[in-house]
Structure formats: structure tokens, C-alpha cells
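Data block below; observations after.
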Amino acid sequence: MTKYFKFTGLLFLPFFTMCKQKETKNNFDFELKKEPAIYFKSFVDCNMAEVWVGDTFRIFPGKFGEDPLWGYSNELKYASGKNAEEVFNKKYEDFKEPTMPMNVKPNEAGLHGAVWFETVYQDKKDVSGKTLYVLYHNENYPLTFPYNSKTGKGYIDKNWPQGLTGAKTPAAVCRIGIMKSTNGGLSWENKGIILEDNQERMILKPHNNSVTFAGGVGDPSAVASGDYLYIFYGEYGYPGTYDPQTFNAEKEQAGQCISMARIKLSDLDNPTGKAKRFDGKAFNANYDGIGKPIESIQISKSEGGGPSSDSISKYYWGPSVSWNHYLKAWVMLMAKSEGASWKGTSIYISFNKHPILEENNSQDWTTPKLILSKPGHTIWYPSLQPIGDDIATKLKYTSLQLGEQARLFYKDQTKDTAVYTSEYSIKFKK
């Protein structure tokens with residue numbers, strides 16, 4: 001997840017079905033317009049979690065917790081204001097630290113590793129708007145979360161792949177969890193992990209040379225539809241038990257890219273293990289089981305697609321999903337990895353026209369279409385934001401629900417700089 005330093009996230013498709021990317025189309029379109037740049041003043045390396053608490057717009061960027069590679073972080077902040085434009089232009093000193101649950105010792109039950117807030121769900125039963133559930137990305141290592149034979153959780157430091165800071169550093173494993181706040185996000189309680197891959201699915205040496213993750217699920221976005229919170233995330237693990245003697249790159253690719261799971265809204269107070277992954281027919285796979293990615297978003301082998309453990313593979317990752325009131329459709333932005341350490345120069349978009357997500361339509365996403373390419377840059381974590389729009393402020397839009405136009409934000413990195421910025425507005429057409 002902390003990727004700003006990269007230059008120095010059982011049903012299998014038969015292997016032959018990966019030869020051609022499944023085409024799904026609709027009539028939606030968009031246009032970009034160059035705008036005066038907005039440069040975000042606080043640290044961002046994830047989706048932008050945000051919410052309206054009464055008449056206050058509040059965001060939660062940054063990173064919190066233990067990280068043996070980069071050191072302990074207190075960069076998870078929040079900022080508040082009268083609308084999105086005011087908050088996105090706040091100075092660094094205007095950001096505050098929420099009260100967070102502390103990390104526990106490696107062999108204790110509780111919060112391990114670092115967390116990044118990705119999406120906020122606001123409990124509709126609380127008229128004050130202060131009861132919030134946040135979906136977080138979590139990263140660990142064999143050092144912070146060692147394997148426990150009694151629980152089957154944790155990781156074994158053997159043949160572990162390389163991490164981001166050099167040959168002797170370990171790769172991380174990502175998981176997805178939920179925290180709760182009852183005071184509008186000023187303090188948080190950890191509720192537990194809802195999606196993860198276990199040790200047997202970690203992709204190890206000699207096959208993992210991507211300098212990304214050893215495996216796991218992460219970089220999520222989530223939207224509420226009906227009685228469920230639908231979770232979109234990157235799948236980085238092996239779709240089965242990894243064995244270096246039987247490893248198959250095509251099998252790995254068939255089980256990876258952007259996947260979906262869902263959890264009942266009524267389970268958010270006690271969510272551990274309650275999410276179910278889409279298994280190709282329905283949301284039946286366990287929270288730590290094997291699901292099936294969204295087929296229309298997988299990149300075919302003929303177009304350079306491949307497993308995430310391979311340093312030259314192309315795949316989409318880092319989804320950001322929103323409901324668009326103008327299009328009456330769901331919109332997904334994503335980055336495209338085109339090399340080691342998630343390097344990629346482009347952002348893509350996909351649509352789903354079904355207002356209520358259900359098992360029979362949740363996978364009906366259009367083939368990703370290019371929004372923006374910046375050769376010489378690495379761009380990722382794209383999102384749409386309701387900035388510079390009085391109607392959006394009146395309707396209390398966030399990155400989860402938007403209208404005809406919005407600002408396009410993304411993390412933009414060159415060899416020497418890394419900023420979270422917006423240089424364009426986007427206008428949708430139908």
C-alpha cells in the first residue's frame with residue numbers, strides 16, 4: 001500500500017478462456033477538461049475515505065500503525081469543512097489525528113500492521129450521521145503477524161519474496177478490515193478482518209518477482225446496495241495452495257485482478273469472517289476462500305495480461321467505485337499495473353448499469369476504457385470528487401455518489417516527486 005517509494009494490490013476459468021478478454025459495452029461516455037491543478041497537502045496513498053456528518057464534509061487520508069520497512073506511522077489524519085472544495089484545499093497543519101486502536105504484540109489477538117482508510121459507510125439508522133464504518137486496507141509481514149498453527153492465521157518467513165526497499169526486505173501481505181466510530185470519525189474501534197488470504201495462498205520464491213505483495217487482498221472500495229456492502233478489491237494470492245513444484249502462471253492469472261465480495265449491513269458490528277466472495281455463480285465463497293474475479297476486467301494474455309507475481313504482467317487494480325445519479329449507473333475507476341512495483345502510466349473506467357447490485361448482475365461491468373495516460377509518470381489511486389460544484393454540495397455528494405461532472409484525482413509520481421492531485425474535470429455523457 002505504501003507505494004510512493006517504488007522507484008529506488010473453487011471455480012477457475014479454464015486456461016483457454018484467458019486468450020481473449022471478454023467484451024462488455026454500453027452507451028456511456030465522458031470528456032476530460034483541463035483545469036487549474038489542485039495539490040493535496042496531506043499524505044495520500046489509498047482511496048479517499050470521506051463522508052458528510054451533518055453539514056460537515058470530512059475526509060480521512062493517510063496511514064497508521066506499525067511497519068517494519070518504513071517505520072511506525074501517524075499519518076492517518078482527518079480534515080473537515082463546509083464542502084469538498086474547502087477540505088481538499090486545506091493546509092497540512094489543518095489536518096488532525098483521530099484516536100486509533102493500537103497495535104498488539106505479534107502473537108496477540110487484535111490489530112496487526114499498518115492501516116489505510118479506503119471507504120466510509122454511514123449508518124442510516126443514526127439520524128445524527130455520526131455512526132460510521134470504515135473499510136481499511138491492512139498490511140503485515142511474518143514479523144508483525146507470524147504464523148499461528150492453532151488459528152491457521154499469519155505468515156511463515158520461508159522463501160519469502162522481496163519487498164520494496166531492497167533484496168533483504170520482505171514483501172507485505174494485504175488484508176481488508178472494518179473499524180467503527182460513533183462520533184463522526186474522531187475516534188475508531190477495530191471490528192476485525194473481513195477478507196484475507198492465508199499462508200497456503202502466498203506466492204513465494206522463486207516465482208514471485210514482482211516486488212509488490214506476497215499475496216492477499218487489498219486496495220478496496222465499497223458501496224452499499226440493498227442490504228449489503230459490496231466490496232471491490234485487488235486479488236493478489238494464488239487461487240489454490242501454492243506449491244513451487246506445481247505452480248502454474250495461467251492458473252494464478254485466472255484467479256486474479258479486481259474481485260468482489262459482500263457483507264450484510266447488519267453484520268458490520270460483528271463482521272469478522274462474515275464477508276462472502278463471488279465464486280463465479282453467487283456470493284458463496286468464504287471470506288478467506290477462493291473467489292472469481294470480474295471477467296470483463298481481466299486483461300488477456302494476448303494483450304500482456306498475466307499474474308501479479310510476475311514483474312512484467314499487466315493487470316487492473318486499485319478500484320474506486322461510485323454511484324452516478326446522472327448516468328443512473330455505477331462507475332469504477334482503476335489503475336493499470338504494467339511492470340514491477342505497480343508501475344503504470346494510465347487510468348481506466350468501467351460501468352455497470354444495474355441500479356441494485358445483485359448476484360446475477362454484480363459482475364456486469366463494461367470492458368475498461370482509457371481515461372488518461374501520462375507517459376513518464378506512475379499514476380494510481382484514481383477517484384472522482386465533487387469539487388467546484390454547488391449542486392454537488394447541496395446534494396451532499398462524496399466520492400461514493402456523484403453527478404454529471406466531477407474532478408478527477410490520482411496519485412502522480414515521477415522519479416523525484418509524488419503528489420495527490422487533480423488536473424482535470426470529467427463530464428459524463430449518455
Practice task
May I ask you to give the average projected area over all directions of the convex hull of the Cα atoms of the chain, in nm² rounded to one decimal?
Solution key: 18.6 nm²
Handout entry: Gyration tensor (alpha-carbon) shape descriptor, the range 282-352, a/c threshold 1.5
Key = oblate
Exercise for the section: Could you calculate the contour length gain from residue 150 to residue 369, that is, 0.36 nm times the residue separation minus the distance between their Cα atoms, to one decimal place in nm? Expected result: 74.2 nm
Exercise for the section: Place a +1 charge on the Cβ of each Lys and Arg in the chain and a -1 charge on the Cβ of each Asp and Glu, then give the dipole magnitude about the Cα centre in debye, rounded to the nearest 20. Expected result: 380 debye
Exercise for the section: Just list whichever of 336/430; 63/429; 125/153 have alpha carbons separated by over 28 Å in the model shown. Expected result: 63/429; 125/153
Exercise for the section: Give, in nm to one decimal, the length gained when the segment between residue 33 and residue 97 is fully stretched (0.36 nm per residue of separation minus the Cα-Cα distance). Expected result: 19.6 nm
Handout entry: Computed FRET value (nearest 0.05) for residue 205 with residue 250, which takes r as the C-beta separation and R₀ as 22 Å
Key = 0.65
Handout entry: Value of [θ]222 nm, deg cm²/dmol, for the chain, DSSP H segments ≥ 4, -39500 (n - 2.57) each, nearest 500
Key = -1000 deg cm²/dmol
Problem - Given 124/191; 34/374; 251/374; 124/328; 41/314, the pairs whose alpha carbons are separated by over 25 Å - result: 251/374; 41/314
Practice task
Might you report the magnitude of the Cβ-based charge dipole of the range 17-171 about its Cα centre, with Lys and Arg at +1 and Asp and Glu at -1, to the nearest 20 debye?
Solution key: 380 debye
Fill in the blank from the handout: So the FRET efficiency between residue 82 and residue 358, C-beta based with R0 = 56 Å and rounded to 0.05, is 0.90
Fill in the blank from the handout: Shape call for the range 140-179, from the Cα gyration tensor axes a ≥ b ≥ c (a/c under 1.5 means rounded, otherwise prolate when a/b beats b/c, else oblate), comes out oblate
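All of the numbers you see were taken from the coordinates with simple rules; none came from a lab. These numbers come from a predicted model, not from an experiment. Here Cβ is always computed from backbone atoms with ideal geometry, including for glycine, and neighbour counts include all displayed protein chains.
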